[in-house]
Amino acid sequence: MALLWVPLVLWLQFLMGRGLLRRLHVRLPQPQAIALAVLAGLPLSSLVALFLDLVGIHITLLSVLCGFAGAAAALNGPWHGARGDARATASSAARLRACEWPFVAFFVGIAAISVWRAFYLPVTFRDALLGLDLVAKYAAAQGTLHSTVFTDPWLHGHLSNQPFRAPFPVLMQVVFRLAGLPFGQLWLSALFLAFLVFCYSRFRERVHPLIAGLVMTLLLASREMYAHTFMVSNDYATAVFFGAAVVFFLDYDRRPQSGSLLLSALFMGFACWTRSDTMLFVPPGAVLAALSAKGADRAGLRAPWSAGAVFLAIPAAFVLLWHGLYLGRVLHQSPEGLGGIGPISALALPGDFYRTAWLFGQTSVYGYLPLVFFALALVNLVFLRDRGPRALWFWLAFLYLGLTLMLFVAPVTTLENTLKRGYFKFLPIMALYLVESRALQTASERIRRWESAPGPAWPRWMWNRQ
């Protein structure tokens, strides 16, 4: 029956995400619009599942499908201007060129391995076995997140703290287990494929497809991050949502519009919905949104501080919904399991900064993307006198400072586990910087001039063939 229910669940999730984009009047190239609808639909569906639990409706396959269908119908209802936006996105689609097919073949092969492992192999990640997936098993069997997994004396003291951090991975495991999947991990494949398509399409807009393929290959070549595309955890999903938020924040920083700001705030909220400590990075982003040099008036906002308020309020609402309402008042669980604030020692801070900077050089963990990023950033800053987008530098700097301070003050944060996976957030932003850099955009222009230059026709014909 999984062959019937899983496609239906994915289709309803896509419709929810598509409806959200239509409500926000977002105009994107068709590949990006489709991928973004999937990326938005997954967390929206988890909100529907949690709402069912809050109002006392058992989480079953029937209730989930009805809830998803109702949300999709509400989001895709009549709305002024929605049809025009749909035509604009459909007309923006671009064909693949001959020089892209080797990269596409590589991407398909990498994706096929990930999807197969997510479908066929059982859950093996320790934090999932004793946390996310275990809570999902009990919830799927008992029809509620407020299950006996939290009161079972045999499990007391053995549960991982990940289920307390945020509900998105747990709820996705519940939904896809109810749909008939024995291990429930296929939502990770939908997330991975959608993010792959979104990033590659976005990169092709900024640089030549050949360079976009190389940058995308560097992003996929991160071994640790790739492994989490078929391992149940909250780290890969957090990096995906965080990366999407930064993409639209960059769009807002360049041209303030309410749609870009709302999308950035929503995806930052989805990142907090996946891992609550992401909220640490929201207030500085709110300040940057409020202090945007281009002003907030052109974005349809009444005052400059409105942009910061919107960017702060949406992620905060996700955190309060889980920690303030469900975790504290329904589950009656204290977030103390996440660990408190440890003693602060100024003497230890330089060593922590050194240890965290050392992680970037671990090619066996993150591949060569960080090294290429630092090398190209040096070329841009020293030789081309180009700083690149200020928003990207801001997010990279604050990510590094914030994650290092977490290691400094939070006893449960470790370099080998928490920070190693927390660094996934850097990789999409580094890849985005590469395609926005003057060095690669100059290289793209030279390739395009070579393609259009006079000379023998056959090599360029094969290169540009669609």
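Could you pull out every one of the helices (runs of 4 or more DSSP H) wholly within region 413-466 that has 3 or more residues that are charged (D, E, K, R) and at pLDDT 90 or above? Before you say what the answer is, go through the steps one by one.
Numbers: elements: 426-436, 438-452, 457-464.
Qualifying helices (runs of 4 or more DSSP H): 438-452.
On inspection, residue 206 passes the criterion of being in contact with a helix residue (DSSP H, G or I) (Cβ under 8 Å, 6 or more places away or on another chain) and surrounded by fewer than 22 Cβ atoms within 10 Å (Cβ to Cβ). When every residue of region 247-266 is checked against the conditions, none turns out to be within 24 Å of residue 401 (Cα to Cα), small (Gly, Ala, Ser), surrounded by 21 or more Cβ atoms within 10 Å (Cβ to Cβ) and modelled with pLDDT under 90. The residues in region 104-124 that are buried (at least 16 other Cβ atoms within 10 Å of the Cβ) and not in a helix (DSSP H, G or I) can be counted, and the count is 1. The C-beta contact set for region 216-230 (first residue within 17 Å of residue 200 (Cα to Cα), second residue part of a loop (DSSP other than H, G, I, E, B) and not basic (Lys, Arg), distance under 8 angstrom, 6+ apart or interchain) comprises 218/367; 218/368; 221/367; 221/368; 222/367. The single condition among (1) within 22 Å of the chain's Cα centre (by Cα); (2) of a type in the set (Ser, Thr, Tyr); (3) modelled with pLDDT of 90 or more that residue 89 does not satisfy is (3).
Every residue, every condition in (1) among the hydrophobic types (A, V, I, L, M, F, W, C); (2) within 26 Å of residue 365 (Cα to Cα); (3) not assigned by TED's automatic domain parsing to the domain that holds residue 433, yes or no:
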site	(1), (2), (3)
119	yes, yes, yes
122	no, yes, yes
136	yes, no, yes
146	no, no, yes
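Tallying residues that are among the small types (Gly, Ala, Ser) and assigned to a loop (DSSP other than H, G, I, E, B) within region 234-257 yields 0. Which residue, of 295, 351, 339, 300, is within 30 Å of residue 146 (Cα to Cα), outside the structural domain of residue 417 (by TED's automatic domain parsing), at pLDDT below 90 and over 22 Å from the mean Cα position of the chain (by Cα)? The unique qualifying residue is 339.
Listed here are the residues, each with its yes/no results for (1) at pLDDT 95 or above; (2) part of a helix (DSSP H, G or I); (3) of a type outside the set (A, V, I, L, M, F, W, C).
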position: 31; (1), (2), (3): no, yes, yes
position: 35; (1), (2), (3): yes, yes, no
position: 40; (1), (2), (3): yes, yes, no
position: 44; (1), (2), (3): yes, yes, no
position: 56; (1), (2), (3): no, no, yes
position: 64; (1), (2), (3): yes, yes, no
position: 71; (1), (2), (3): yes, yes, no
position: 85; (1), (2), (3): no, yes, yes
position: 95; (1), (2), (3): no, no, yes
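Filtering region 146-162 to residues that are under 21 Å from residue 57 (Cα atoms) and either assigned to a helix (DSSP H, G or I) or modelled with pLDDT of 90 or more (or both) leaves 148, 149, 150. Counting the residues of region 191-201 that are crowded, with 21+ Cβ neighbours inside 10 Å and either over 29 Å from residue 170 (Cα atoms) or more than 12 Å from the chain's Cα centre (by Cα) (or both) gives 2.
The values are calculated or read from the model by the stated rules, or taken from the named source; none is laboratory data. Just so it is clear, the model here is predicted, and its values are computed rather than measured. We place every Cβ from the backbone using ideal geometry, glycine too, and count neighbours over all the protein chains shown.
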